[in-house]
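Beneath this line is the structure, given in structure tokens, with notes to follow.
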Amino acid sequence: MIKNFKWLLLVSLTFVACTSDDEAGIDTNSSDGLPLTAGTADFSKYVSLGNSLTAGYCDGALFIAGQEGSYPNLLSQRFALVGGGEFKIPFMNDNVGGLLLGGFQIQGPRLYFNGTGPATVSGTPTTEVSNILTGPYNNFGVPGAKSFHLVAPGYGNVAGVASGASNPYFVRFASSPGTTVLADAVAQSPTFFSLWIGNNDVLSYATSGGTGINQSGNLDPATYGGNDITDPNVFASVYSTLVNELTANGAKGVVANIPYVTSVPFFTTVPTNPIPGLPVASAGQLNTLFGGINAALAGAGLPARFVTLVADDANPATVESNPLLIKDESLLNISSQITAALTPVLGAPTAGYLGVLYGQARHASSAAASRDYILLTARSVIGTTQTGAPAPFNTIGVSYPMQDNTTLTASETAEVKTATDAYNATILALANSKDLAFVDANAALNQVANGGLVYNGYTMTSTYVTGNSFSLDGVHPSPKGYALIANKFLEAINAKYGSNFKGVNLGQYQILFPAML
């Protein structure tokens, strides 16, 4: 019996030893348990180029904690495990956010969630733009930058900040006033780069409600309109320059395409029909007016612009929502026709006023083929009274049209989509021609916005505040959202270069930053 126990003990020890050896051979930092490898890429000198998304901007500001959670910084931490070098970031001075120029505040502090909605954190910005940092740096994410800004000399010149000719964020860490973002990045002799640029080339037009005027060919940031859609030919030329310069010395890299702006909660949170049922008298008055305009339009062979509004006591068993009244500058202006039709009934002054007011007005559409998008910032004006407008034609969104800068209309949305598709075709073509890793950020964000994307057990959606993915400005990712983006970049790098980086754990990152950091 004792002899049998000895054999049993020997077998047991052998089993434990084998098991321990097997477990010791598993690399917990790799995606497949095999020894971690860089594959065919060299991460010893990594630089990242882009805009606010690359910088780690969130909650309406740039601040230290956000920069630490930027996707390039998360990537650099993985790269360090296979020989990646130091990744220097031009940190802000505080976690308040905001900028000073000559002691005067030019950018405000970040937002936080106060339990009911976004609010501004207490504290004063301490980051002075004119205090130039000593580089060199690795993260060239510049909030506000469009594609052509990365090759614009003087974009980091403090003398141009007040006029808008330069960027205050780049001013802080540009190697000289006349340099370019690209030149400073290439000067680091990178062995690996990431490039995600082009979002602002359509986003600034979209977030202004399409109030920019499209231009092309002018690369001067001082004269190229701030809210314009960048001409796709200009984008293609600039993007080609960026990729050619970054790969000139054999560097490998990863590029990402541009998500549709309508994937973010800035455009999808406010519905097109948030107006509750109206009092019977108001609904009746507006329906008579709008019905008359529709009839006139039909007589001229034009489509109707207004729907029949529902009164709050018309059907007590249901809760009705009426669409917002908006201005659409793409519509034929029928002010003179409205004025002429109403003058015999209301008199010239009132008829003239209503003609101007409703000449390019219509009700917002939620139909998929012709959807309008109400900007997140418009929430504060819906249902308020327009100063100086006579009652009852003074309730914004009901009897007074929402103005152009509050809405991305269906036609403006189509312009943005057309440009985005052109940019993305350029990005993919250059990624293929240069054999670079490619991140389909558009597909990923589309999944987030339409049903959600499950990662590490978290469902990432675009629902404002509670959807995990976005910060309180409704455009930039949350800490958890940036972690998801980092993982998408790692997946693309693994697929292209044969590396086996393990993604970051989304559970280690917050949904929203607290008021105090």
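The values are calculated or read from the model by the stated rules, or taken from the named source; none is laboratory data. The structure displayed is predicted, hence computed values, not measured ones. Note: ideal-geometry Cβ built from the backbone for every residue, glycine included; neighbour counts use all protein chains shown. Please note that ligands, DNA and RNA were not included when accessible areas were found on the heavy atoms of the full protein model with its side chains. Shrake-Rupley method; radii C 1.70, N 1.55, O 1.52, S 1.80 Å.
Structure notes:
- Alpha-carbon centroid distance for the pair segment 242-268 / segment 468-491, whole angstrom: 15
- Distant-in-sequence amide H partners of MET402 (H built 1.01 Å from N, under 5 Å): LEU325, ILE326, LYS327, GLY397
- Rounded percent of accessible protein surface that carbon and sulfur make up, segment 229-383, 1.4 Å probe: 57
- ³J(HN,Hα) computed for each position of segment 500-510 - Karplus, 6.51 cos²θ - 1.76 cosθ + 1.60, integer Hz, glycine/proline x: 9, 5, 7, x, 6, 8, 4, x, 8, 10, 6
- Remark on VAL439: its backbone amide H falls under 5 Å from those of VAL255, ALA256, ASN257, a criterion applied only to residues 5 or more positions apart or on other chains, H modelled at 1.01 Å from N.
- Stokes-Einstein diffusion coefficient of the chain, Kirkwood radius over Cα pairs, 10 °C, 1.306 mPa s, in µm²/s: 62
- Per-peptide packing, taken as the mean over residues of other Cβ atoms within 10 Å, places 292-301, 352-361 in the sequence 352-361, 292-301 from highest down.
- Heavy-atom surface of segment 318-465, accessible at 1.4 Å and reported per residue (Å²): 45
- For segment 104-197, carbon and sulfur atoms together expose 55% of the accessible surface, with a 1.4 angstrom probe and every protein chain in place.
- The distance separating the Cα centre of segment 117-184 from that of segment 326-341 comes to 44 Å.
- Rounded to 5, percent antiparallel among DSSP beta bridges of the chain: 50
- Converting phi to 3J(HN,Hα) with the Karplus coefficients 6.51, -1.76 and 1.60 and the offset θ = phi - 60°, segment 419-428 yields 5, 4, 4, 5, 4, 5, 5, 5, 4, 5 Hz in sequence order, with x at every glycine or proline.
- Estimated from helices alone, the mean residue ellipticity of the chain at 222 nm is -10500 deg cm²/dmol (sum of -39500 (n - 2.57) over DSSP H runs with n ≥ 4, per residue).
- Taking amide H as placed 1.01 Å from N in the peptide plane, the amide H of PHE63 sits under 5 Å from that of CYS58, each at least 5 places away or on another chain.
- Considering only SER366, TYR497, GLY83, and ranking their Cα positions along the charge dipole of the chain that arises from unit charges at the beta-carbon of Lys, Arg, Asp and Glu, the one farthest toward the positive end is GLY83.
- Principal axis analysis of the Cα atoms in segment 448-517 yields extents of 40, 31, 21 Å, listed in decreasing size.
- Overall Cα dimensions of segment 352-451 - principal axes, largest extent first, Å: 63, 28, 23
- Based on protein heavy atoms only, segment 100-257 ends up with 37 Å² per residue of surface accessible to a 1.4 Å probe.
- Checked against a 28 Å cut-off, the cross-linked pairs LYS252/LYS417; LYS417/LYS488; LYS45/LYS496; LYS327/LYS488 give Cα-Cα distances beyond that limit for LYS252/LYS417; LYS327/LYS488.
- Peptide packing: for 77-89, 47-59, 136-148, the average count of neighbouring Cβ atoms within 10 Å per residue gives the ranking 47-59, 136-148, 77-89, highest mean first.
- The Cα center of segment 60-82 and the Cα center of segment 375-411 differ in position by 40 Å.
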